[in-house]
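Here's the structure, in structure tokens; my notes come after.
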Amino acid sequence: MKHYIMTAIPLMLAGSLAHAQEVTLDFEGLQDSEQVEAFYGGGTGSAGSSGADYGVTFTSAAHALIDSDAGGSGSIANEPSPDTVIYPASSQSFVMNVPAGFTSEFAFYYSSNPTGSVTLYDELDATGAPIATIPVQTQYNQSCTGDPNGDFCNWTLAETTFAGTARSVQFDFASSGSTGIDNISFVITDQTAHPIPTLSPLPILMASTLLAVIGLRRQYS
């Protein structure tokens, strides 16, 4: 007589998964000198322009600047994603808020006359604990090639990795109006629950019954 051990079919329990979304803010679609504000936050910039809704907002000092070659007022060249960048127009600093939070990596391009720093915080509005700081150096007109039109022609990639979750970034410079920022990249972590489907009990019962019948037939064959 042969005996067969039946294994149980695992049941998938309902749960939740975090969803990560890679984001690059290139600021295309903003008008020249327009404040970014809620352009990427489900709203608009100060002139009514709207972009993809990533839940990201900027404080009022962050303004768009379009390359003069594209009809704007910007003395910029070789920008990473033509033709629009942002800069601190009315203050030495501005803040980017990401309420959903972002993790692991943060990167951006800059072209700057003054020195400065970019600091990630774990709470909104540049509050809470600082997570990481990236220095900004003077390099705006060094070793420029390519596009000949524009004083701010050298763009440097600045990036950092970090632990924890950041929810805001402060861009802080020694003076206003002389630093361009473009292609801000990070990964947003959406903590909204995404349920894992639970298997219906009927297919499980049918499968169990079928295995039982097979087992009995083998046992008495």
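Brief remarks follow.
- Scanning the range 63-82 for residues being buried (at least 23 other Cβ atoms within 10 Å of the Cβ) and assigned to a loop (DSSP other than H, G, I, E, B) gives a total of 2.
- Cross-chain or 6+ apart pairs with Cβ under 8 Å, the range 57-69 first and more than 9 Å from Pro88 (Cα to Cα), then of a type in the set (D, E, K, R) and modelled with pLDDT under 95: Asp69/Asp147
- When every residue of the range 138-147 is checked against the conditions, at least one turns out to be of a type in the set (A, V, I, L, M, F, W, C), out of contact with any Gly (no Cβ under 8 Å at 6 or more places or on another chain) and not in a strand (DSSP E or B).
- Failed criterion for Tyr109 (all others in (1) modelled with pLDDT under 95; (2) not in a loop (DSSP other than H, G, I, E, B) hold): (1)
- Applying a threshold of 8 Å to beta carbon distances and a minimum spacing of six or more residues, or different chains, the list of pairs starting in the range 156-172 at a residue that is without any contact (Cβ under 8 Å) to a residue 40 or more places away in the chain and ending at one that is in a strand (DSSP E or B) reads Ala163/Ile131.
- Residue in the range 42-52 that is surrounded by fewer than 17 Cβ atoms within 10 Å (Cβ to Cβ) and either modelled with pLDDT under 95 or within 13 Å of the chain's Cα centre (by Cα) (or both) present: yes
- Qualifying residue in the range 135-154 (condition: farther than 30 Å from Ser75 by Cα, modelled with pLDDT of 95 or more and hydroxyl-bearing (Ser, Thr, Tyr)): no
- Filtered residues of the range 53-62 (kept if in a loop (DSSP other than H, G, I, E, B) and surrounded by 15 or more Cβ atoms within 10 Å (Cβ to Cβ)): Tyr54, Gly55, Val56, Thr59, Ala61
- Condition met for Val136 (among the β-branched types (Val, Ile, Thr), within 27 Å of Gln31 (Cβ to Cβ) and under 16 Å from the mean Cα position of the chain (by Cα)): no
- Verdict on Ser168 being small (Gly, Ala, Ser), modelled with pLDDT of 95 or more, in contact with a strand residue (DSSP E or B) (Cβ under 8 Å, 6 or more places away or on another chain) and within 18 Å of Ser60 (Cα to Cα): yes
- Residues considered: Val85, Val23, Val95, Val36. Of these, the only one that is buried (at least 20 other Cβ atoms within 10 Å of the Cβ), among the hydrophobic types (A, V, I, L, M, F, W, C) and farther than 24 Å from Cys153 by Cβ is Val95.
The values are calculated or read from the model by the stated rules, or taken from the named source; none is laboratory data. All values reported here derive from a predicted model rather than from experimental measurement. Quick reminder, even Gly has a Cβ in these numbers, built from the backbone with ideal geometry, and neighbours come from all protein chains shown.
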